[in-house]
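Data first, discussion second: the structure below is written as structure tokens.
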Amino acid sequence: MSTLTKASRRDFLKIASTTAGGLFIGFNWFSCDSPKVEVLSTEEILSQAKSFNSYLSISPTGDVVIYSPNPELGQNIKTSFPMVVAEELEADWEKVRVVQANLDPAKYDRQLTGGSGAMPHSWERLRKAGATAKFVLVAAAAKTWNVPASEIKVEKGIISHEGTGKKGHFGEFVAEASTMTAPEEVTLKDKKDFKIIGTPVKNVDSKEMYTGQPMYGLDFYREGMLHAMIQRAPFGMKIKSVDDSAARGVTGVKDVITFGTSVAVVGTSTWPLLKAKKLIRVEYEPEGAVESSADHDRIFKELLATGKAEIKRENGDVASAFKNAAQVVSAEYQCPFLAHSPMEPENFFAHVKGDKVELIGPTQTPDRARQETATLLGIPPENVTVEITRLGGGFGRRLRADYVVEAVEVSRAMNAPVKVTWSREDELTGGAYRPAVRYRFEAALDATGNMVGYKLRGVGMNAGNCTRENNFPAGAVENVLIESIEHKSTITTNAWRAPITNFLAYAEQSFMDEVALAAKKDPVQFRLELLQKAKTSPVGGELGYDADRMIGVVKTAAEKSNWGKNPDVKQGFSVYFSHRSYVAQVADIAMEGGSPVLKKVTAVTDCGMVVNPTGANHQVRGGIVDGMGHAMYGNLTFENGVPKQKNFDSYRLIRMKEVPEIDVHYVDSGFDPTGLGEPALPPTGGAIANAIFSATGRRLRSQPFIEQKEFSDIKLEIRRG
Amino acid sequence: MANFNLKINGKTHTVDVEDDTPLLWVLRDHLGLVGTKFSCGIAQCGACTVHLNGNSTFSCVTPVSSVGNAEVTTIEGLSEDGNHPVQKAWAEVDVAQCGYCQAGQIMNAAAFLNENSNPTMEEIDNAMNRNICRCGTYHKIREAVALAAKTK
Ligand code: FES
Ligand code: FES
């Protein structure tokens, strides 16, 4: 990922009309402006460069190298982080190279990808990194020219002084600047002066991705490296006996080793291992509960009825509110387990060398990989290095280090460098899923249709707290009881893009529609009344959300979607706050041949300032596509501790033809940027389900939608209008 | 094991592998051409798409013994320096999120546009339906295919 681009990054495409009326793309990956400039590799630049701080090195040639510490899995952080540094530095983006930093806890904190937290966490420090470097470069120029620093201007990597007419690029002051101390405090730019932030800067890895350069973990090969694939036990089972004779007979297999509940086949290339893995005969025996989906349905019912719950929030007098209610609405919602299914299956390279370990691969949490490796081997964490490759998706799966530690186990056993590769079947059956959850909602309405009581009781399979007790409508209702129950399952679970809210939002926002209907109020109006209450007289303690910002996206979404204005289009509304951002969505359904067809989703997002509009649109559209695909089709069911769906033939992912138009808008609330990797996903399922109800009068109370028997007589579809 | 002479990206390569080895793994493990991706292994996702005599082919289910004299083109050989119209359009539209599926998408789009240089949006959707993008870049993919069709 280093010798990639030359001087210019953004200038490789120029579009101009041709006489034929078509388009002509004048194309050059490298600089069009300065073909004679000798182009240095990033290594060459770095070998001469001076480091200004953890994020930034500048070479005497004026080339700027910006380190991106957080793992890049498609959220575009490797482009947007450097944009922030370059903005305050007043760098010429054409002269910026971006390098993925390796794990370095001394230099970076929170070097992870998850929770849409990178931008809010790093916004200030990235700006400071750029601004302090600019400060010392200016000081160096002032000293060199013997002029006051206050009279110096910096623009696009050029430092200049009007009075004397002196001018030079960053590189000319690097030596002098590196003798100076960076200030503790520095003035940051006024947001209105931003030149890079807020513009659609292209992905810095475009060329490598579109020409097939090695960049993902699975692309990593090293001379002498062994390959391994692993047969893992069903959930709740352990190994009784292993017959590996047939597997050992496959040409290309070097060894078969057993550790814990896993059997690894090791060889010199991948294909023999895919074959040999199928020939391993393992007899398993129960070690804990061996669960099937039917057990989960039973457990849900039992625990919802009688389970001991943890009270997460209690406001007012709930019992009286329900006793005195004019009307009570109640409903239950359920969601299945889901796999993360990143397109790049799990894999990792490990080389155990005595008490030192080299790790290379795709991870959202390099420090966790390091810590778990150190714990396994009983060595200090400092003895483990982690090189972060580009990730072919993550969705939360790569927050765990199970697949890293396995590679360490095999490398230790084989005393050799090893890359462990998962097949898609391994990925779907190998665990750490989005937990299955079931919720019961109850609402009490007074005679005028006001919601005066609200109860939510959730049961999750290894879901931790399956509620979000400080989220809307908490704060908007006088009497509230929110309870969570966790069933400890042997099926492993993990954060899955927008943990918990990826399903809770659908359930809450669908139920909200049921209550609005019972109250005979328009769904948008009903939400706005509640939000008004949360804003003017919030109930109870801490609220996680800002009612005003939520009102902002609700109103804008109603306006942009022409809410309720077109009688031929049936609409569904949903709004959710998660990961510090606010997203409202409206789904448009048209009935075609008796079937509801999802034609369009309008999304309005308040994520504070938008750093890179291209990246933001990607995350909003991608989150919505993810949300609709899994709400429609996603389902992982179990038989005796083993998922029934083992590959994309039975585990259906959304495809091109099923993606409707998505109309994306932002509300500029003036706040600093918050993350966007997750917040657009949660509202989608609810908007779709509410639109389907509005079109058919049938309520979807569990996912996946296409498998609901209430809909067995009609076809549900999503497609482009 | 047997020797196979393969014509890949205009060059002949000789590999000594089992007959049933999928072309995907020959490319990745034996020839170091890792631009062609592994994802499902069962002809469902298109991440492994290459051209066989110009046709979109799932290399994960194409045994090396079936390739014969066919011309194999991988993402690495689609153009000299990433300047195939489809690659250019992909860069201009800034299609990728994680990027893992995109080599397969580009190869499929390039083969499709070779057959149909002036497609309707519906034809684009149909052709690209064989490739999964887990990140959901579908809107950008169709935009890029349409742009590539308009450019030369
Ligand atoms: S890897 Fe070949 S189609 Fe999925
Ligand atoms: S860009 Fe990530 S799978 Fe397509």
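The values are calculated or read from the model by the stated rules, or taken from the named source; none is laboratory data. Fair warning: this is a prediction, and the values are worked out from it, not measured in the lab. Positions of Cβ are backbone-derived with ideal geometry, glycine not excepted, and every protein chain shown enters the neighbour counts.
Of all residue pairs spaced 6 or more apart or on separate chains, those with beta-carbon atoms under 8 Å, a first member in region A:645-658 that is touching a residue at least 40 places away in the same chain (Cβ under 8 Å) and over 27 Å from A:Lys600 (Cβ atoms) and a second member that is hydrophobic (A, V, I, L, M, F, W, C) and surrounded by fewer than 19 Cβ atoms within 10 Å (Cβ to Cβ) are A:Asn647/B:Ile42. With respect to the conditions (1) among the aliphatic types (A, V, I, L, M); (2) surrounded by fewer than 21 Cβ atoms within 10 Å (Cβ to Cβ); (3) within 30 Å of A:Leu126 (Cβ to Cβ), A:Val642 lacks only one, and its number is (3).
Annotation: of all residues in region B:42-57 being away from ligand 2 (no atom under 16 Å from the Cβ), outside any loop (DSSP other than H, G, I, E, B) and crowded, with 16+ Cβ neighbours inside 10 Å, the one that is nearest to the chain's Cα centre (by Cα) is B:Val50.
Among the residues of region A:172-188, is any buried (at least 17 other Cβ atoms within 10 Å of the Cβ) and over 20 Å from A:Ser54 (Cβ atoms)? Yes, the conditions are met somewhere in region A:172-188. Quick one: which residue in A:Thr389, A:Thr429, A:Thr421 is within 16 Å of ligand 2 (Cβ to nearest atom), in contact with a Pro (Cβ under 8 Å, 6 or more places away or on another chain) and of a type in the set (Val, Ile, Thr)? None of the others qualify; the one that does is A:Thr389.
Being without any contact (Cβ under 8 Å) to a residue 60 or more places away in the chain, of a type in the set (Lys, Arg) and within 22 Å of A:Ala590 (Cα to Cα) holds for only one residue in A:Lys570, A:Lys535, A:Lys565, A:Lys555, and it is A:Lys565.
Looking across region B:29-56, the residues that are farther than 13 Å from B:Leu78 by Cα, more than 6 Å from ligand 1 (Cβ to nearest atom) and not acidic (Asp, Glu) come down to B:His30, B:Leu31, B:Gly32, B:Val34, B:Lys37, B:Ile42. Taking region B:108-152 as the range and being facing chain A (nearest Cβ under 9 Å), under 15 Å from the mean Cα position of the chain (by Cα) and in contact (Cβ under 8 Å) with a residue 12 or more places away in the chain as the test, the residues that pass are B:Ala127, B:Met128, B:Arg130, B:Asn131, B:Ile132, B:Cys133, B:Ile141. Within region A:616-644, the set of residues being under 16 Å from the mean Cα position of the chain (by Cα) and either among the hydrophobic types (A, V, I, L, M, F, W, C) or modelled with pLDDT under 95 (or both) comprises A:Ala616, A:Val620, A:Ile624, A:Val625, A:Met628. Can you say whether B:Ser59 is facing chain A (nearest Cβ under 7 Å), touching a residue at least 24 places away in the same chain (Cβ under 8 Å) and within 7 Å of ligand 1 (Cβ to nearest atom), as far as the supplied structure shows? Judged against the criteria, B:Ser59 is not a match. Selection of region B:29-41 for residues being within 16 Å of ligand 2 (Cβ to nearest atom) and surrounded by fewer than 19 Cβ atoms within 10 Å (Cβ to Cβ) yields an empty set.
Here is a check on your reading of the model: is B:Gly99 within 16 Å of ligand 2 (Cβ to nearest atom) and more than 8 Å from chain A (Cβ to nearest Cβ)? When the stated conditions are applied, B:Gly99 does not pass them. Filtering A:Ile299, A:Ile311, A:Ile379 for residues that are part of a loop (DSSP other than H, G, I, E, B), among the β-branched types (Val, Ile, Thr), more than 14 Å from chain B (Cβ to nearest Cβ) and in contact with a strand residue (DSSP E or B) (Cβ under 8 Å, 6 or more places away or on another chain) leaves a single hit, A:Ile379. Go through region A:62-89 and give me each residue that's in contact with a Phe, Trp or Tyr (Cβ under 9 Å, 6 or more places away or on another chain) and more than 30 Å from B:Cys133 (Cα to Cα). Hits for region A:62-89 are A:Gly62, A:Asp63, A:Val64, A:Val85, A:Ala86, A:Glu87, A:Leu89. All of B:Asn69, B:Asn5, B:Asn83, B:Asn9 fail the test of being more than 7 Å from every other protein chain (Cβ to nearest Cβ) and within 16 Å of the chain's Cα centre (by Cα), apart from B:Asn9. The one condition from (1) more than 16 Å from ligand 1 (Cβ to nearest atom); (2) within 7 Å of another protein chain (Cβ to nearest Cβ) that B:Gly77 does not meet is (2).
Taking the criterion of being outside any helix (DSSP H, G or I), of a type outside the set (S, T, N, Q), over 14 Å from B:Cys48 (Cα atoms) and within 11 Å of ligand 2 (Cβ to nearest atom), the residues of region B:102-139 that qualify are B:Arg134, B:Cys135, B:Gly136.
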